[in-house]
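Throughout, read-outs are computed from the coordinates displayed, never taken from laboratory work. Because the structure is predicted, anything quoted here is derived from the model rather than measured. Using ideal geometry, Cβ is built from the backbone for each residue, glycine included, and neighbour counts are taken over all protein chains shown.
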Amino acid sequence: GDSVTQMEGPVTLSEEAFLTINCTYTATGYPSLFWYVQYPGEGLQLLLKATKADDKGSNKGFEATYRKETTSFHLEKGSVQVSDSAVYFCALTQTTGNQFYFGTGTSLTVIP
Amino acid sequence: DGGITQSPKYLFRKEGQNVTLSCEQNLNHDAMYWYRQDPGQGLRLIYYSQIVNDFQKGDIAEGYSVSREKKESFPLTVTSAQKNPTAFYLCASSPRRWEGYTFGSGTRLTVV
């Protein structure tokens, strides 16, 4: 069945460091891929998405490219800020069926 | 502004008691979902509804019940049959699943 695997955390970076959070998926066909962010005590917010191969989703300095050949959707940011400290979830869904598959989340802490 | 409202933010339940978590959306989304979040386990689907008066069990429906009498509302009841209900509960909605979810801010339920 479909699934998402993301790198385990926690990840701790210094401010202005480069961020990569790895996400790989298993799915048939061409799923849509997402990154969500969760700040402490809050719900999840959609950060970015990509719906077809080679699409690049971007928002707030974060980027992720839908790589069909490596079944990956890694999240990157060139220079993290303290305010980026949160838990990040990779997810996928298909146009058919009823499921939305989430990874287990990666906690990021950015220190000044 | 359109969005999803979950209430209450914090809820305490005594042993053997049923409690109901509220979820209301004004986004005109057809589909609504309930997820449970436990530390280190990501999100698990409890119930979902794609149209009014219809709902389906997710992966962990035992001990929970829902109703969908109005498009805007999808309340979740945690019954006394749920033996370990302490968790963070998230409600979400979507116009079409491949466009992603909009989440509420969550309800933290604690058994006392």
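Out of all the residues in the stretch A:17-50, which are within 13 Å of chain B (Cβ to nearest Cβ), closer than 19 Å to A:Gly1 by Cα, surrounded by fewer than 21 Cβ atoms within 10 Å (Cβ to Cβ) and free of Cβ contacts under 8 Å to residues at least 60 places away in the same chain?
Across the stretch A:17-50, the qualifying residue is only A:Tyr30.
Filter the stretch A:1-58 down to residues that are part of a strand (DSSP E or B) and basic (Lys, Arg) and give me whichever is nearest to B:Gly106 (Cα to Cα).
Step by step, filter the stretch A:1-58, then rank; the result is A:Lys49.
Could you give me the residue pairs with C-beta distances under 6 Å whose first residue belongs to the stretch B:94-112 and is assigned to a strand (DSSP E or B), whose second residue is surrounded by fewer than 18 Cβ atoms within 10 Å (Cβ to Cβ) and of a type in the set (Lys, Arg) wherever it lies, and which are 6+ apart or on separate chains?
Taking only residues 6 or more apart or on different chains, the pairs are B:Val111/B:Arg13.
Scanning the stretch B:37-92 for residues that are among the aliphatic types (A, V, I, L, M) and without any contact (Cβ under 8 Å) to a residue 24 or more places away in the chain, which turns out nearest to B:Gly106 (Cα to Cα)?
Taking the stretch B:37-92 and keeping what is among the aliphatic types (A, V, I, L, M), we get B:43, B:45-46, B:51-52, B:60-61, B:66, B:76, B:78, B:81, B:87, B:90, B:92.
Remaining after also requiring without any contact (Cβ under 8 Å) to a residue 24 or more places away in the chain: B:45, B:51-52, B:61, B:81.
Working: B:Leu45: 14, B:Ile51: 22, B:Val52: 22, B:Ala61: 18, B:Ala81: 22 Å.
This residue is B:Leu45.
Can you spot a residue in the stretch B:31-51 that is within 13 Å of another protein chain (Cβ to nearest Cβ), buried (at least 21 other Cβ atoms within 10 Å of the Cβ), in contact with a Ser or Thr (Cβ under 6 Å, 6 or more places away or on another chain) and outside any loop (DSSP other than H, G, I, E, B)?
yes
What residue, among those in the stretch A:65-86 that are under 30 Å from B:Tyr47 (Cβ atoms) and more than 14 Å from chain B (Cβ to nearest Cβ), is surrounded by the fewest Cβ atoms within 10 Å (Cβ to Cβ)?
Filtering first and then ranking leaves A:Thr71.
Can you pull out every residue in the stretch A:92-104 that is facing chain B (nearest Cβ under 8 Å) and in contact with an Asp or Glu (Cβ under 9 Å, 6 or more places away or on another chain)? First the steps, then the outcome.
Initial filter on the stretch A:92-104 (facing chain B (nearest Cβ under 8 Å)): A:93-95, A:98-100, A:102-104.
Of everything in the stretch A:92-104, those that are facing chain B (nearest Cβ under 8 Å) and in contact with an Asp or Glu (Cβ under 9 Å, 6 or more places away or on another chain) turn out to be A:Thr93, A:Gln94, A:Gln99, A:Thr104.
Surrounded by 20 or more Cβ atoms within 10 Å (Cβ to Cβ), within 10 Å of the chain's Cα centre (by Cα), more than 10 Å from chain B (Cβ to nearest Cβ) and of a type outside the set (Ser, Thr, Tyr): which single residue out of A:Phe62, A:Phe89 fits that description? Walk me through how you get there before you give the answer.
Values: A:Phe89 fails: more than 10 Å from chain B (Cβ to nearest Cβ).
It is A:Phe62.
Within the bounds of the stretch B:95-112, is there any residue that is surrounded by fewer than 16 Cβ atoms within 10 Å (Cβ to Cβ) and either in contact with a Gly (Cβ under 9 Å, 6 or more places away or on another chain) or away from every other protein chain (no Cβ under 14 Å) (or both)?
yes
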